[in-house]
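This report concerns only the one structure given below.
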Amino acid sequence: MTATMDGEGPARPVRIAQLDVVRGVAVMGILAMNVVAFAMPFQAYMNPTAYGLHGPADLFSWLFSFIFIDGKMRGLFSFLFGASTLLVIERAEAAGADAARSHYLRMGWLLVFGLAHFYLVWFGDILVNYALVGMILYFFRDFPARRLVAIGIALIVIDCLMMAGFAFSAFQLGAAAAAPNADPDTAAAWNGMREMFAPLGGQALADNFALFRGPYLGQVRDRLIEHGAEPFLNVMFLIWETLAFMLFGMAALKSGFLRGEWPRARYWRIALIGLAVTIPVYFGLALLLIDDGFSPQMVIAIVLGGATPVRPIMVIAYAALIILLARPGGFLTTRIAAAGRAAFTNYLGTSILMTALFYGWGGDLYGSLSRVQLWFPVLAMWLLMLLWSKPWLDRFHYGPLEWLWRSLARIEPQPMRRAD
């Protein structure tokens with residue numbers, strides 16, 4: 001079967017196993033960062049001093065995540081989304097179907113799933129962003145690989161300039177707000193900016209705990225009323241990098257990179273050079289943050305700005321390394337590939353289980369674990385993904401939500417159970 005984000009279909013004879021494995025690693029890795037936003041005030045996602053930092057082990061956990069995970073797994077997921085989208089379009093064209101109709105039905109239903117995810121389950125949804133950016137992606141389907149890469153690089157440059165401007169404005173606004181006799185409007189503007197990157201305290205922290213340790217309907221109401229436009233506003237912030245990674249993914253498929261068709265020596269060169277360049281840079285950025293004491297201005301400058309130009313290099317290096325290390329037919333490879341084939345179910349299922357574990361309507365563990373302790377639910381969830389995905393896909397053509405998405409997008413129920 002040809003691999004797509006919504007699973008495999010029974011009529012396709014060949015899968016691109018590399019896509020499944022890379023996607024499996026990505027969907028598992030995303031949880032390692034998202035767990036912080038499930039379990040703690042969101043500020044801790046980018047600033048470890050905001051919550052859950054109790055000692056050297058917690059600081060090391062943040063350092064490891066910042067260098068090796070933060071943004072890279074989301075980047076890999078976007079990378080694979082671009083490739084999968086191209087596969088769906090090519091398959092529709094090869095079958096003589098209306099490719100535009102197939103694509104936009106698929107993105108439209110993904111938007112519905114994303115909005116339901118945001119409003120009814122968790123505020124950290126990325127599916128709305130993928131659906132809306134994916135609607136733009138269609139217009140790049142016929143571009144050659146080199147052109148896709150060039151446009152992607154241009155988008156990364158735009159994103160870097162935007163992040164640099166945001167960081168500059170943070171330093172300027174912070175200095176103006178700290179000046180004697182600062183204008184009240186300036187102080188208010190700075191407080192509004194810094195509160196997303198600084199530790200919460202006093203009433204703000206109490207309100208945060210009351211919300212996430214409170215009843216389910218109260219959280220839904222907060223997302224609907226207080227943050228109703230947030231899924232669409234986030235796209236304006238994320239579009240440049242997301243579209244760039246998707247274009248890189250389309251180029252990687254067209255060039256044969258994601259099919260494993262390149263010489264192994266070339267993959268090794270990309271992986272080793274990419275990691276040799278990016279790991280020291282990320283480590284240096286982390287040291288700057290630690291030395292600074294994680295001031296909001298530096299968090300914005302480093303986490304949002306400094307990491308932006310480095311991230312694509314590390315994402316591509318990761319993809320090359322995963323393709324190299326994935327042993328065809330190996331026990332772990334097949335399990336991770338199955339988790340990737342059921343990535344949609346695993347992603348949304350993770351949100352349901354993690355909110356049930358941490359929020360007040362479930363296990364009520366919100367704010368109870370330190371950063372390093374969060375690895376326990378992460379490892380448990382990884383194990384669950386690896387345990388259920390393969391046996392399920394041995395019996396069925398799709399993961400449960402992959403089947404629902406594909407059936408809705410094709411406006412008819414798709415065959416589910418495999419023949420014995």
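Is there any pair linking a residue in segment 213-237 that is closer than 20 Å to Met196 by Cα to one that is surrounded by 15 or more Cβ atoms within 10 Å (Cβ to Cβ) and among the β-branched types (Val, Ile, Thr), with Cβ under 6 Å and at least six apart or on different chains, and which?
Pro231/Val128
Identify, from the list Gly306, Gly330, Gly349, Gly360, the residue that is modelled with pLDDT under 95 and either of a type in the set (Phe, Trp, Tyr) or surrounded by 18 or more Cβ atoms within 10 Å (Cβ to Cβ) (or both).
When all the criteria are applied, what remains is Gly306.
Which ones in segment 155-183 are aromatic (Phe, Trp, Tyr) and in contact (Cβ under 8 Å) with a residue 12 or more places away in the chain?
Selection gives Phe166, Phe171.
Quick check: anything in segment 409-417 buried (at least 18 other Cβ atoms within 10 Å of the Cβ) and over 19 Å from the mean Cα position of the chain (by Cα)?
Within segment 409-417, the subset buried (at least 18 other Cβ atoms within 10 Å of the Cβ) is 409, 414.
Going one step further and asking which of them are over 19 Å from the mean Cα position of the chain (by Cα), we end up with 409, 414.
Yes, because at least one residue in segment 409-417 is buried (at least 18 other Cβ atoms within 10 Å of the Cβ) and over 19 Å from the mean Cα position of the chain (by Cα).
Limited to segment 361-420, what total is found for residues that are among the β-branched types (Val, Ile, Thr) and closer than 21 Å to Ser61 by Cβ?
2
Please find, among Gly362, Gly329, Gly340, Gly367, the residue that is without any contact (Cβ under 8 Å) to a residue 40 or more places away in the chain and touching a helix residue (DSSP H, G or I) at 6+ places or on another chain (Cβ under 7 Å). Spell out how you get there, then give the answer.
On the way: Gly329 fails: touching a helix residue (DSSP H, G or I) at 6+ places or on another chain (Cβ under 7 Å); Gly340 fails: without any contact (Cβ under 8 Å) to a residue 40 or more places away in the chain; Gly367 fails: without any contact (Cβ under 8 Å) to a residue 40 or more places away in the chain.
Step by step, each of Gly362, Gly329, Gly340, Gly367 is checked, and only Gly362 is without any contact (Cβ under 8 Å) to a residue 40 or more places away in the chain and touching a helix residue (DSSP H, G or I) at 6+ places or on another chain (Cβ under 7 Å).
Considering segment 137-187 alone, what residues qualify as being surrounded by 13 or more Cβ atoms within 10 Å (Cβ to Cβ), basic (Lys, Arg) and part of a helix (DSSP H, G or I)?
If the condition is that a residue be surrounded by 13 or more Cβ atoms within 10 Å (Cβ to Cβ), basic (Lys, Arg) and part of a helix (DSSP H, G or I), then Arg147 is the only one that fits.
Here are the criteria: (1) in a helix (DSSP H, G or I); (2) surrounded by 18 or more Cβ atoms within 10 Å (Cβ to Cβ). Tell me which single one Pro391 does not satisfy.
Just one mismatch for Pro391, condition (2).
Check off (1) more than 22 Å from the chain's Cα centre (by Cα); (2) part of a helix (DSSP H, G or I); (3) surrounded by 20 or more Cβ atoms within 10 Å (Cβ to Cβ) for Asp291 and give me the number that stays unchecked.
(3)
Tell me which residues, restricted to segment 281-301, are closer than 15 Å to Lys72 by Cα and among the hydrophobic types (A, V, I, L, M, F, W, C).
Scanning segment 281-301 gives Val281, Phe283.
Could you identify the single residue in Phe113, Phe79, Phe118, Phe60 that is in a helix (DSSP H, G or I), in contact (Cβ under 8 Å) with a residue 12 or more places away in the chain and within 25 Å of Ile156 (Cβ to Cβ)?
After ruling out the rest, the residue left standing is Phe79.
The values are calculated or read from the model by the stated rules, or taken from the named source; none is laboratory data. Since the structure is predicted, the reported quantities are computational estimates derived from the model, not experimental observations. When we count neighbours, we look across all protein chains shown, and the Cβ atoms used for this are built from the backbone with ideal geometry, even at glycine.
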